[in-house]
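Heads up: the structure comes next, in structure tokens.
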Ligand SMILES: Nc1ncnc2c1ncn2[C@@H]1O[C@H](COP(=O)(O)OP(=O)(O)OP(=O)(O)O)[C@@H](O)[C@H]1O
């Protein structure tokens, strides 16, 4: 059950501070996880760290909090170097995926825990706990023990506890992954509203791209411990800097092509040996216009059935499978030796022959071996 919504009116000066990461190297024993990573986060900015499992998101977040030592490089909060500072004096609050609440304590005791550790007096703790409980809509439940709370309520206690110490930086490690879908979506908006209200610099670790895009000012896509792209949600979704980002953001269709430049146009030879020519400017080619082997990438929602014959890319194939996704059917279409995905509101039967069209604006062109890092 949802509680009173989190309060969203601005009441005090922004808390957030800027974070600078310079040439950061992190790892465990003989494993290097993060290599030479640099990043500037503005005061009050919300950054999402997005990437596949094992790419180093949590390691980076834990290093910011002070739980993973810095091997090389610097972590600066405004101009203060925190690289070798113990966690409790960094002024960063971390909210863990498991919430890490004390089950034998009440909601109020959990919220006040960090303040008590920092030596705050009883009156201050009482006042601050009441303030924080009201902020996250748990004012009525402060005397409850943790096991008697729902997942969403526990999540709010963890958030209130993190915020109680007035942290300039809030670190969120997959904070919503234990919640069911409906509450998760509501909490995304509530955390974002609260973060903006308090002006907190916030770093969120997630592997959910919708969560990253709906909450963050900028998204950092990590690939094997390196930044594959930094950009606004719109930039990383529509203008992927390399094929890794394109694939990660859902452009799972990759068509091998052979590219030839012809004055202001590009001739692309498709796998079936047909040739399409497109104006150079029509294609998103962030790694430069390749000649020779390349790949054209697009999302399944950009491919549509029964296309206009003037469409940039026209492909013929056979439906081999489909799945209902709620608002659309995703079809797997066999095109020669390739399998591509295409969405449509109407289901096409398995075995039917179809024609697919993709507009030039939905196509990204990368060299055959694109994986490089880029910022934007
Ligand atoms: N305490 C540790 N000791 C040794 N290796 C570790 C430790 N913690 C993580 N690793 C390794 O470091 C790499 C990065 O792990 P990390 O948890 O940062 O990834 P992640 O991107 O957060 O992944 P996930 O999305 O699965 O949580 C992985 O290969 C992982 O196995």
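The values are calculated or read from the model by the stated rules, or taken from the named source; none is laboratory data. Computed from a prediction, not measured in an experiment: that's the story for all the values here. Every residue, glycine among them, receives a Cβ derived from its backbone with ideal geometry; neighbour counts consider all protein chains shown.
Condition check: within 17 Å of the chain's Cα centre (by Cα), in the same structural domain as residue 168 (by the TED database), outside any strand (DSSP E or B) and in contact (Cβ under 8 Å) with a residue 12 or more places away in the chain. Does residue 83 satisfy that? So residue 83 does not fit the description; no.
Within the range 168-182, can you find the residues that are under 27 Å from residue 88 (Cα atoms), in contact with a helix residue (DSSP H, G or I) (Cβ under 9 Å, 6 or more places away or on another chain) and away from the ligand (no atom under 16 Å from the Cβ)? Walk me through it before giving the result.
Step one: list which residues in the range 168-182 are under 27 Å from residue 88 (Cα atoms), which gives 168-178.
Still in the running and in contact with a helix residue (DSSP H, G or I) (Cβ under 9 Å, 6 or more places away or on another chain): 169-178.
Within the range 168-182, 169, 170 qualify.
Annotation: residue 194 fulfils all but one of (1) within 25 Å of residue 21 (Cβ to Cβ); (2) buried (at least 23 other Cβ atoms within 10 Å of the Cβ); the unmet one is (2). Residue-level analysis places residue 74 outside the set of residues that are under 22 Å from the mean Cα position of the chain (by Cα), surrounded by 15 or more Cβ atoms within 10 Å (Cβ to Cβ), in contact (Cβ under 8 Å) with a residue 40 or more places away in the chain and assigned by the TED database to the domain that holds residue 165.
Kindly evaluate residue 51 against the criterion of being within 9 Å of the ligand (Cβ to nearest atom), touching a residue at least 24 places away in the same chain (Cβ under 8 Å) and surrounded by fewer than 22 Cβ atoms within 10 Å (Cβ to Cβ). Judged against the criteria, residue 51 is not a match.
Would a scan of the range 230-241 turn up a residue that is over 17 Å from the mean Cα position of the chain (by Cα) and either surrounded by fewer than 22 Cβ atoms within 10 Å (Cβ to Cβ) or at pLDDT below 95 (or both)?
Residues of the range 230-241 that are over 17 Å from the mean Cα position of the chain (by Cα), as a first pass: none.
No, the range 230-241 contains no residue that is over 17 Å from the mean Cα position of the chain (by Cα) and either surrounded by fewer than 22 Cβ atoms within 10 Å (Cβ to Cβ) or at pLDDT below 95 (or both).
Looking only at residues of the range 15-48 that are more than 13 Å from the ligand (Cβ to nearest atom) and assigned to a loop (DSSP other than H, G, I, E, B), we find that the one that is nearest to residue 76 (Cα to Cα) is 18. Looking at 130, 93 in this structure, which one is under 18 Å from residue 173 (Cα atoms) and more than 16 Å from the ligand (Cβ to nearest atom)? Step by step, each of 130, 93 is checked, and only 93 is under 18 Å from residue 173 (Cα atoms) and more than 16 Å from the ligand (Cβ to nearest atom). Would you confirm whether any residue within the range 96-108 is within 16 Å of the ligand (Cβ to nearest atom), at negative phi and modelled with pLDDT of 90 or more? So far as the range 96-108 goes, no, none of its residues is within 16 Å of the ligand (Cβ to nearest atom), at negative phi and modelled with pLDDT of 90 or more. Summed over the range 49-69, the residues that are out of contact with any strand residue (DSSP E or B) (no Cβ under 7 Å at 6 or more places or on another chain) and assigned to a loop (DSSP other than H, G, I, E, B) give a count of 6. Annotation for the range 163-173: at least one member residue is within 27 Å of residue 41 (Cα to Cα), at pLDDT 90 or above and surrounded by fewer than 22 Cβ atoms within 10 Å (Cβ to Cβ).
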